[in-house]
1. Could you check the spin-label model distance between D89 and N43? Points 7 Å from the Cα along Cα→Cβ, value in nm.
2. Do me a favour and compute the ellipsoid semi-axes for segment 1-154 from its Cα gyration tensor, root of five times each eigenvalue, largest one first, whole Å.
3. Accessible area, 1.4 Å probe, largest first: how do K81, K138, K4 sort?
4. For segment 18-170, build the charge dipole from Cβ charges (+1 Lys, Arg; -1 Asp, Glu) around the Cα centre, then report which of G18, A164, G119 sits farthest towards its positive end.
5. Round to the nearest 0.05 the FRET efficiency obtained for I52 and V145 when R0 = 45 Å and r is the Cβ-Cβ distance.
6. I need the calculated FRET efficiency for the pair E153 and T3, taking r as the beta carbon distance and R₀ as 30 Å, to the nearest 0.05.
7. For segment 60-101, what is the per residue volume of the convex hull drawn over the alpha-carbon atoms, in cubic angstrom?
8. Mind putting a number on the dipole of the chain about its Cα centre? Charges go on the C-beta only, +1 for Lys and Arg and -1 for Asp and Glu, and I need it in Debye to the nearest 20.
Amino acid sequence: GATKMDRPEDVEPNPRTGKVYAALTSNDRRTAAQASGPNPRPNNKFGHVLEIVEEGGDHAGTRFRWDILLKAGDPANPDHKADYQGRRDVSPLSNPDNFGFDDAGRMWITTDGMADTLGANDGAWVVETEGPSRGLAKQFLSGPVGCEICGPEFTPDNRTFFVAIQHPGW
C-alpha cells in the first residue's frame with residue numbers, strides 16, 4: 001500500500017511547525033498514466049517538495065494530509081509546469097536534494113542536477129513555508145561548476161550556515 005514517489009532524497013521535519021517535508025528530486029520515467037496526486041507531473045525532470053501534516057500533530061498517528069509546497073522548475077517557462085504556491089517572483093530551482101531549517105522555520109533547500117535541467121550551478125535556496133510569502137524561493141548561494149550541494153545545517157545560534165560541496169568539476 002505504499003505510495004511510489006519520484007526519487008525521494010531527504011525527509012525532514014520542520015522543528016518550528018512539526019510539518020514533515022520530502023525532497024522528491026526527479027523521475028523522468030513517469031508517464032502521464034502514472035501521474036498521481038503526490039506525483040503530479042509526468043516526465044518530472046525538475047522534482048518537487050511534498051509537505052506532510054499528521055492528523056492532530058501526532059507523529060505517531062496513522063492519518064495525515066499532504067500538499068505540494070513547490071513544483072520545481074522555472075515558472076516563467078510554461079513547459080516546466082512549475083508552481084511555487086502561485087508565485088512567480090522566485091529564484092527557480094530544480095532537483096531539490098536536501099533540507100535544513102532555521103529558527104524562523106524557513107526551509108533551506110540544496111540541489112543536485114541544476115546543470116542538466118536549468119543550465120545553472122547547484123546551490124542553496126531559502127523557501128518560506130508559512131504565511132503570505134509561502135512558496136517564495138530565493139537563491140542564497142551557487143556552488144562550483146559540476147558540484148552537488150548537500151547537508152545544509154545551521155549552528156545552534158543560527159549565525160553560521162554549512163553545506164557540503166560534493167564532486168566539484170565532475
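The values are calculated or read from the model by the stated rules, or taken from the named source; none is laboratory data. As the structure is a computational prediction, the values presented were derived from the model and not from experiment. Glycine also receives a Cβ, built like all others from the backbone with ideal geometry; neighbour counts cover every protein chain displayed. For the accessible areas, the whole protein counts, side chains as well, though only heavy atoms, and no ligand, DNA or RNA atoms are used. Shrake-Rupley method; radii C 1.70, N 1.55, O 1.52, S 1.80 Å.
1. 3.3 nm
2. One finds semi-axes of 22, 19, 14 Å for segment 1-154.
3. K4, K81, K138
4. G119
5. 0.85
6. 0.60
7. Hull volume normalised by residue count: 121 Å³.
8. 500 debye
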